[in-house]
Amino acid sequence: MTHDHDLVLRPTPAQTEAALNPPPGRNGGDLVVETLAGLGATTVFGLPGQHALGMFDALRRSDLRYVGLRVENNAGFAADAYGRITGEAAPLLLSTGPGALTSLAALQEAAAASAPVLAISSQVPTAGLGGGRHGYLHELPDQAASFRGVVKSVHTARTPSQIPSAIEAAWTSALSAPHGPVWVEIPQDVLLAETAIPVVTGGDAFPEELPPRPELTAVAADLLSKAARPAIIAGGGVVRADASKKLRQLAETLQAPVVTTPGGKGAFPWTHPLSLQSWIEDRHTTDFLEDADVLLVVGSGLGELSSNYHTFKPRGRVVQIEADLGKLESNHPALGIHADARLALQALLETVSERQDPTAPERVRALLTKVAERIAAQELTLEQEVLASVRKALPADSPSFWDMTILGYWAWSAFDAKGPNHMHSAQGAGGLGYAFPAALGAAVADPTRPVLAVSGDGGALYSIAELATARQYGLNVTWLIVDDGGYGILREYMTDTFGEATATELSRPDYVALAESFGVPGVRTTPESLEQDLAKQLASPGPSVVLLPAVLRMFAATHLD
């Protein structure tokens with residue numbers, strides 16, 4: 001009797017010959033790039049440094065495409081977006097100490113948004129590991145300790161022979177639900193050490209599936225089938241799991257209205273009769289969801305931004321599907337199902353009974369009318385027109401990346417993403433500077449579509465160096481910078497709270513002239529000409545900057561009422 005685990009893949013004669021006679025001059029760095037290529041990677045992001053030169057030298061003996069950014073944190077954001085767009089693990093090559101630590105904010109965003117980033121960092125020579133204080137350049141007592149609370153897993157290769165297995169294990173971790181960033185460290189001397197290890201020709205990294213427990217989905221299906229007023233909250237887990245079609249099938253079967261979180265933008269069609277759109281930061285929507293007798297939460301932990309700042313208090317039964325075990329029932333008691341969203345939705349589709357509810361679309365229309373009337377009463381015509389101009393100018397299948405800026409906050413609630421995996425923002429960790437370098441990573445992932453980045457002037461200054469990257473690689477990204485002379489949202493928060501703002505005003509450059517100094521076309525626009533100017537730049541190949549001087553306001557918060 002033969003068991004699956006008894007099967008052995010036998011090498012071909014060509015593989016045997018290559019193994020017995022590996023090319024000379026290879027080192028640990030070659031094992032890194034060979035393993036990545038064997039696992040299916042085609043592109044790596046990063047920034048070189050002294051201890052990492054063994055990896056970067058090996059790139060010239062590899063077919064991997066290297067995209068170098070100017071700041072490690074921005075390289076991390078680019079890898080994050082590449083992982084979101086492709087669903088593949090995005091390799092990020094970094095150097096030791098300051099280079100490694102500069103990537104931390106990007107890795108926190110990747111962790112919060114479940115973006116698969118495979119960070120590979122050099123380390124000081126092996127003698128300096130474990131706290132040995134030899135005074136090496138970039139030395140830290142325990143570099144990996146800085147990352148353990150941020151990434152999914154940490155892996156260290158202390159010899160060349162450990163490199164392929166460490167990277168394969170990290171790759172598997174990054175792509176197992178929930179996706180996320182992982183960290184691999186390799187000492188400088190290991191990367192530089194010559195090796196006679198055979199060329200790495202393939203990988204055996206299969207992400208672990210996370211199916212739901214059948215007894216739990218049976219109970220959930222029964223609750224949903226018998227519900228009088230079911231509703232669904234769809235989070236980023238639906239997008240990461242590529243489960244949008246299954247979500248729509250389930251919503252239509254149950255006649256359950258669906259609202260998407262900021263991270264779940266595009267998971268459900270914006271104009272569908274059952275679509276509550278994304279107005280979670282609205283008391284009318286909060287009331288509607290609280291009134292549901294059975295609420296299905298898919299791929300969301302119901303954190304601050306997905307619960308109207310924790311004012312949401314469900315009165316009915318909650319069924320929560322979540323791949324991140326730490327988020328399961330972390331904010332509300334629920335029938336918690338620890339599972340990948342796609343597999344769990346499929347299990348529900350196979351077991352729920354069809355519901356008839358002709359009132360559901362009527363209740364959805366009534367809610368959206370209330371939301372529209374609330375916004376209309378606040379005299380926010382400029383903000384709505386600017387956002388509408390962006391939507392009209394951006395092709396329906398183009399991805400957009402939004403910084404932590406007032407227009408981005410509007411987009412969380414009011415922007416139609418036109419499809420899953422099309423709109424991305426830094427709402428996971430909430431750091432500045434995400435939009436432009438992330439858009440660059442998306443343009444690398446798919447050069448056939450123009451990509452939009454949206455920043456305020458404060459966030460733009462975090463990423464301005466990457467104009468050089470955009471020009472160097474000819475990346476098809478248009479960067480909309482809304483210039484209000486400061487940290488606009490913080491200005492609003494402080495004025496509302498303290499009566500005046502402190503430390504929010506900025507001296508800023510001429511962004512159009514600055515872009516042109518990098519060889520990137522720039523244009524100054526107005527709210528009236530924004531749609532035309534933005535559409536023109538998006539239709540032109542290569543990078544561009546569109547500057548909109550404007551002071552935008554946020555709609556009134558309802559969680560403070």
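The table for this structure:
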read-out: Helices (runs of 4 or more DSSP H) (entirely within region 24-129) containing at least 2 residues that are crowded, with 24+ Cβ neighbours inside 10 Å and aliphatic (A, V, I, L, M); value: 28-39, 72-86, 104-113
read-out: Region 171-196: number of residues that are open to solvent by less than 20 Å² (accessible area, probe 1.4 Å) and part of a strand (DSSP E or B); value: 6
read-out: Given (1) touching a Ser or Thr at 6+ places or on another chain (Cβ under 8 Å); (2) over 18 Å from Gln537 (Cβ atoms); (3) aromatic (Phe, Trp, Tyr), index of the condition Tyr409 fails; value: (1)
read-out: Selection within region 244-276 - among the aliphatic types (A, V, I, L, M) and not in a loop (DSSP other than H, G, I, E, B); value: Leu247, Leu250, Ala251, Leu254, Val258, Val259
read-out: Residue in region 406-439 that is nearest to Ala106 (Cα to Cα), counting only those that are in contact with a strand residue (DSSP E or B) (Cβ under 6 Å, 6 or more places away or on another chain) and part of a helix (DSSP H, G or I); value: Ala438
read-out: Only one of Val199, Val219, Val182, Val239 that is at pLDDT 95 or above, of a type in the set (A, V, I, L, M, F, W, C) and within 30 Å of Gly49 (Cα to Cα); value: Val182
read-out: Residues of region 147-159 that turn out to be open to solvent by 30 Å² or more (accessible area, probe 1.4 Å) and in a helix (DSSP H, G or I), as a count; value: 1
read-out: Residues being in a helix (DSSP H, G or I), open to solvent by 40 Å² or more (accessible area, probe 1.4 Å) and of a type in the set (S, T, N, Q) - total across region 367-405; value: 3
read-out: Residue, most open to solvent (accessible area, probe 1.4 Å), within region 506-517, restricted to residues that are at pLDDT 95 or above and in contact with a strand residue (DSSP E or B) (Cβ under 9 Å, 6 or more places away or on another chain); value: Glu516
read-out: Given (1) in contact (Cβ under 8 Å) with a residue 40 or more places away in the chain; (2) open to solvent by 10 Å² or more (accessible area, probe 1.4 Å); (3) out of contact with any helix residue (DSSP H, G or I) (no Cβ under 7 Å at 6 or more places or on another chain), index of the condition Ala417 fails; value: (2)
read-out: Looking only at region 329-354, and only at residues there that are part of a loop (DSSP other than H, G, I, E, B) and out of contact with any Leu (no Cβ under 7 Å at 6 or more places or on another chain), the one that is farthest from Gly316 (Cα to Cα); value: Glu350
read-out: Filter result for Val364 (in contact with a Phe, Trp or Tyr (Cβ under 9 Å, 6 or more places away or on another chain) and surrounded by 21 or more Cβ atoms within 10 Å (Cβ to Cβ)); value: yes
read-out: Yes/no for Glu466 being charged (D, E, K, R), surrounded by 24 or more Cβ atoms within 10 Å (Cβ to Cβ) and closer than 24 Å to Ser400 by Cβ; value: yes
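The values are calculated or read from the model by the stated rules, or taken from the named source; none is laboratory data. Only a predicted model underlies this, so the values are computations on that prediction, with no experimental measurement involved. As a convention, Cβ positions derive from the backbone with ideal geometry for all residues, glycine included, and neighbour counts pool all protein chains shown. SASA here: full protein model, heavy atoms, side chains in, ligands and nucleic acids out. Shrake-Rupley method; radii C 1.70, N 1.55, O 1.52, S 1.80 Å.
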